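**Student:** Sharing a structure with you now.
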Amino acid sequence: MKTFPSNTLIVSLGFAASLQAQTSESLQDLVVTASKPEKSLTVASADLAKKELAETPGGTEVIEAERFLTGRASTLADTFALSPGVVAQSRFGSDEARISIRGSGLQRTFHGRGIRVLQDGIPINLADGGFDMQAIDPLAADYVTVLRGSNALSLGSSTLGGAINYVSATGLSDPGGSFRIEAGSYDYLRTRIAAGMSEGDLDGYFSLSEAYQSGFRDHAQQNAQRLFSNFGWKISDDAESRIYFNAVRTVSELPGNLTKAELKDNPRSADPSAISQDTHRDYELYRLGNKTVFQNGPNTFEFIASYSYKDLDHPLSFGVVDQLSNDLMLGTTFTDKSDFFGRENQFQSGLYLTRGEINSATLQNLSGHRGNLTAYSEQTATNLEFFAEDQLALGYGFTGVLGATAAHTRRENETQLGSAASYDRIYNDFSPKFGVRWDAENYQIYGNVSSSFEPPSFSETNGSLSPNKAQTADTIELGTRGHHGAFRWDADIYHSEIKNEFLALNDASGNPLGTTNADRTLHQGVEFFAEGDLLGTPLDQVAENRLFLRGAWTYGRFKFDGDETYGDNTIAGLPPHLIRGELIWQNQIGWYAGPTFEWVPVKSYVDHANTSSADPYALLGFKIGRRLDSGLSWFIEAKNLTDKKYAATTAVIADANGSDTRNFLPGDGRSVFAGIEFKW
């Protein structure tokens with residue numbers, strides 16, 4: 001694996017300072033005289049994103065960066081702490097996490113699957129569907145959108161979990177500069193410098209960060225550098241093009257799993273084999289993208305293209321995985337907001353082509369050093385995806401939504417060394433969706449019926465004579481969102497009937513089948529968020545002081561449906577209940593303080609046979625600080641104040657036979673973090 005030059009950060013900081021100095025006079029005039037940021041055609045504002053997602057008859061959310069910047073902004077659990085329906089649990093206090101929406105990717109505790117993850121509307125998933133949590137940086141985002149399940153159809157997603165879109169700041173939305181530093185327990189240090197600028201029809205923005213921690217556990221050191229940048233050109237009043245360039249380098253030690261007894265005795269320890277084999281997940285990612293938008297009256301045409309290069313070096317106990325990935329994506333969408341026979345109507349369609357090539361090698365792991373090559377294959381994933389959706393005002397407050405996705409996907413594996421079989425498989429699908437929304441003055445009621453489709457990634461294709469089929473599902477969803485006085489809510493229930501879910505199973509005789517297709521499974525749950533000002537001031541009025549009680553409850557009942565081996569057992573992997581919240585006092589001039597909490601009230605199964613489980617737990621935290629639009633902001637945040645020993649997440653296996661096996665990933669102990677941010 002290549003490495004960044006050791007002085008990359010220093011040179012980049014110097015360049016940023018020089019560039020800021022050279023343009024300070026003109027930028028100062030621009031910032032002072034501008035009454036509001038100029039609108040970008042390629043990057044919607046957070047307010048516009050909220051308006052558009054509120055028209056979706058299903059579970060959606062916009063997370064503004066100001067929400068997670070009030071404390072440590074490091075893990076996915078930090079970002080999605082108050083997001084209903086999103087289960088994001090850090091594996092060992094790092095970027096690597098367990099993330100799932102509506103039970104998507106249940107089998108995965110690493111290298112996510114089942115969710116389309118995008119940066120500025122351009123997917124970061126590899127062509128086979130997998131994605132890396134390290135490829136994103138919450139500090140570079142202006143806001144994040146979450147579209148659960150089929151509600152992500154407008155982003156071209158047909159997966160069970162839906163989509164998460166990280167939207168960057170631009171030189172138009174965030175002019176000026178900022179510097180942020182976070183530090184705390186376990187040698188945690190995260191720094192970020194960012195700057196936005198515009199001149200005439202051009203604007204640019206970059207965010208450069210570095211993160212380090214020795215980790216709560218042994219052999220859990222992390223180090224990462226990330227550059228996110230974009231450059232926009234306003235071609236005319238109705239046309240704009242924006243180029244994106246990202247570079248990521250991460251080095252992560254993997255401490256492995258513990259038994260429950262080991263977790264209770266010393267949660268800071270590592271699996272001895274992880275140390276002896278020096279297990280890591282290290283990689284570099286370079287990504288270049290473009291989005292160009294043209295408007296013509298009620299019509300909008302959008303063209304996107306991206307190329308990414310990933311170099312993975314992944315020593316594991318069974319060998320060293322070495323992969324080089326090259327992925328190319330081309331896409332276009334069309335939106336028409338013309339009235340239809342006098343009624344408001346919006347039609348949107350899109351076409352995406354992705355192709356990814358992976359040179360995949362496995363070598364011997366000789367106590368952390370590379371040995372002989374034991375396997376090599378060339379893998380190619382190709383996807384052609386089309387979607388269309390129409391929203392029509394029906395009258396009396398009702399809006400109907402009709403849409404569908406169609407996909408033609410191909411997975412090719414040519415084995416040149418090793419015992420894995422070569423294959424060439426094609427998966428086709430058509431997934432319709434129908435929804436309806438009723439709008440009252442200050443609330444909505446909605447529902448939809450949809451289908452989803454997910455072809456296997458290369459990890460799930462199964463090279464045997466019984467290849468895995470694509471995973472499909474039919475889902476019914478009902479929900480409501482709105483506000484009244486000092487109270488706001490967002491509530492959703494869903495029921496999914498899944499065929500061919502990707503799970504690690506045993507047969508009826510107890511023989512392991514590896515990751516294969518389950519016959520029929522059920523996913524059903526509740527996604528609920530609420531917040532209220534206990535001091536009683538309506539949310540649409542200005543208040544000098546507020547006392548907010550906020551909470552997100554994610555309930556998931558995932559089970560087999562009359563399976564030959566597992567009957568109606570619970571599918572292992574995720575807690576049935578995850579409750580997170582905070583009680584925060586805040587005032588008009590930016591001060592805030594209050595406790596935070598996380599509660600998993602019931603056990604979580606490790607195996608599908610339901611013989612082993614992680615214990616319930618409750619965590620308490622506290623944060624205090626001041627957040628300002630300019631000048632100096634700061635925070636202090638304490639986590640797990642009671643120093644609770646608990647499993648943040650677990651591995652997923654077929655049958656533990658009631659024994660205490662190494663499948664538990666301890667959460668961090670008591671810790672304190674602090675940060676400052678200066679914006680000019």
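The values are calculated or read from the model by the stated rules, or taken from the named source; none is laboratory data. Given the structure is predicted, the values throughout are model-derived calculations rather than measurements. We place every Cβ from the backbone using ideal geometry, glycine too, and count neighbours over all the protein chains shown.
**Student:** In the set ALA572, ALA618, which member is closer than 30 Å to ALA654 by Cα, within 29 Å of the chain's Cα centre (by Cα), small (Gly, Ala, Ser) and surrounded by fewer than 18 Cβ atoms within 10 Å (Cβ to Cβ)? Write out each step before concluding.
**Tutor:** Numbers: ALA572 fails: surrounded by fewer than 18 Cβ atoms within 10 Å (Cβ to Cβ).
Of ALA572, ALA618, the one residue that is closer than 30 Å to ALA654 by Cα, within 29 Å of the chain's Cα centre (by Cα), small (Gly, Ala, Ser) and surrounded by fewer than 18 Cβ atoms within 10 Å (Cβ to Cβ) is ALA618.
**Student:** When you scan the range 382-400, how many residues do you find that are in contact with a Phe, Trp or Tyr (Cβ under 7 Å, 6 or more places away or on another chain) and among the hydrophobic types (A, V, I, L, M, F, W, C)?
**Tutor:** Counting residues in the range 382-400 that are in contact with a Phe, Trp or Tyr (Cβ under 7 Å, 6 or more places away or on another chain) and among the hydrophobic types (A, V, I, L, M, F, W, C) gives 2.
**Student:** Criterion first (over 19 Å from ILE115 (Cβ atoms), modelled with pLDDT of 95 or more and either surrounded by 19 or more Cβ atoms within 10 Å (Cβ to Cβ) or in contact with a Pro (Cβ under 7 Å, 6 or more places away or on another chain) (or both)) does ALA473 satisfy it?
**Tutor:** Numbers: over 19 Å from ILE115 (Cβ atoms): no; modelled with pLDDT of 95 or more: yes; either surrounded by 19 or more Cβ atoms within 10 Å (Cβ to Cβ) or in contact with a Pro (Cβ under 7 Å, 6 or more places away or on another chain) (or both): yes.
Considered against the rule, which asks whether it is over 19 Å from ILE115 (Cβ atoms), modelled with pLDDT of 95 or more and either surrounded by 19 or more Cβ atoms within 10 Å (Cβ to Cβ) or in contact with a Pro (Cβ under 7 Å, 6 or more places away or on another chain) (or both), ALA473 comes out as no.
Residues checked against (1) buried (at least 19 other Cβ atoms within 10 Å of the Cβ); (2) more than 28 Å from the chain's Cα centre (by Cα):
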| site | (1), (2) |
| --- | --- |
| SER317 | no, no |
| ASN326 | no, no |
| GLY331 | yes, no |
| PHE341 | no, yes |
| SER349 | no, no |
| GLU357 | no, no |
| HIS369 | no, yes |
| ASN372 | no, yes |
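**Student:** Of the residues GLY256, GLY289, which is crowded, with 17+ Cβ neighbours inside 10 Å and not in a loop (DSSP other than H, G, I, E, B)? It would help to see each step written out before you state the result.
**Tutor:** On the way: GLY256 fails: not in a loop (DSSP other than H, G, I, E, B).
Residue meeting the stated conditions: GLY289.
**Student:** Can you pull out every residue in the range 498-551 that is closer than 30 Å to THR480 by Cβ and over 31 Å from the mean Cα position of the chain (by Cα)?
**Tutor:** First, pick out the residues of the range 498-551 that are closer than 30 Å to THR480 by Cβ: 498-499, 501, 520-543, 545-551.
Within the range 498-551, LEU534, LEU535, GLY536, THR537, PRO538, GLN541, VAL542, ALA543, ASN545 meet the criteria.
**Student:** So if I check each of THR333, THR354, THR374, which one is β-branched (Val, Ile, Thr), touching a residue at least 12 places away in the same chain (Cβ under 8 Å), more than 30 Å from HIS280 (Cα to Cα) and assigned to a strand (DSSP E or B)? Before you say what the answer is, go through the steps one by one.
**Tutor:** Working: THR354 fails: more than 30 Å from HIS280 (Cα to Cα); THR374 fails: more than 30 Å from HIS280 (Cα to Cα).
Just a single option satisfies the conditions, and that option is THR333.
**Student:** Condition first: without any contact (Cβ under 8 Å) to a residue 40 or more places away in the chain, more than 26 Å from the chain's Cα centre (by Cα) and closer than 25 Å to GLY105 by Cα. Can you find one or more residues in the range 439-459 that meet it?
**Tutor:** Let us first name the residues in the range 439-459 that are without any contact (Cβ under 8 Å) to a residue 40 or more places away in the chain, namely 441, 445, 449.
From what's left, more than 26 Å from the chain's Cα centre (by Cα): 441, 445.
Next, only the ones that are closer than 25 Å to GLY105 by Cα stay: none.
No, every residue in the range 439-459 fails to be without any contact (Cβ under 8 Å) to a residue 40 or more places away in the chain, more than 26 Å from the chain's Cα centre (by Cα) and closer than 25 Å to GLY105 by Cα.
**Student:** Further question on the same structure: May I ask you to list pairs of residues, at least six apart or on different chains, whose Cβ atoms are under 6 Å apart, with the first in the range 187-202 being within 22 Å of SER40 (Cβ to Cβ) and in contact (Cβ under 8 Å) with a residue 24 or more places away in the chain and the second being hydrophobic (A, V, I, L, M, F, W, C) and part of a loop (DSSP other than H, G, I, E, B)?
**Tutor:** Pairs found: SER198/LEU172.
**Student:** When only residues in the range 515-565 that are among the hydroxyl-bearing types (Ser, Thr, Tyr) and at pLDDT below 95 count, which is surrounded by the fewest Cβ atoms within 10 Å (Cβ to Cβ)?
**Tutor:** We begin by selecting, within the range 515-565, every residue among the hydroxyl-bearing types (Ser, Thr, Tyr); these are 515-516, 521, 537, 554-555, 565.
After this cut, where a residue has to be at pLDDT below 95 as well, the list is 515-516, 565.
Numbers: THR515: 17, THR516: 22, THR565: 19.
Top of the filtered list is THR515.
**Student:** Next question, about the same structure. Would you call ARG180 in contact with a Lys or Arg (Cβ under 8 Å, 6 or more places away or on another chain), surrounded by fewer than 23 Cβ atoms within 10 Å (Cβ to Cβ) and at pLDDT 95 or above? So that I can check it myself, show each step before the final result.
**Tutor:** Working: in contact with a Lys or Arg (Cβ under 8 Å, 6 or more places away or on another chain): yes; surrounded by fewer than 23 Cβ atoms within 10 Å (Cβ to Cβ): yes; at pLDDT 95 or above: yes.
The answer is yes for ARG180.
Listed here are the residues, each with its yes/no results for (1) within 24 Å of GLU677 (Cβ to Cβ); (2) within 20 Å of the chain's Cα centre (by Cα); (3) assigned to a loop (DSSP other than H, G, I, E, B).
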position: ALA127; (1), (2), (3): no, yes, yes
position: THR145; (1), (2), (3): yes, yes, no
position: SER150; (1), (2), (3): no, yes, no
position: ILE181; (1), (2), (3): yes, no, no
position: ALA195; (1), (2), (3): yes, no, no
position: ASP218; (1), (2), (3): no, no, yes
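**Student:** How many of the residues making up the range 68-96 are in contact with a Phe, Trp or Tyr (Cβ under 9 Å, 6 or more places away or on another chain) and free of Cβ contacts under 8 Å to residues at least 40 places away in the same chain?
**Tutor:** Final tally of qualifying residues: 1.
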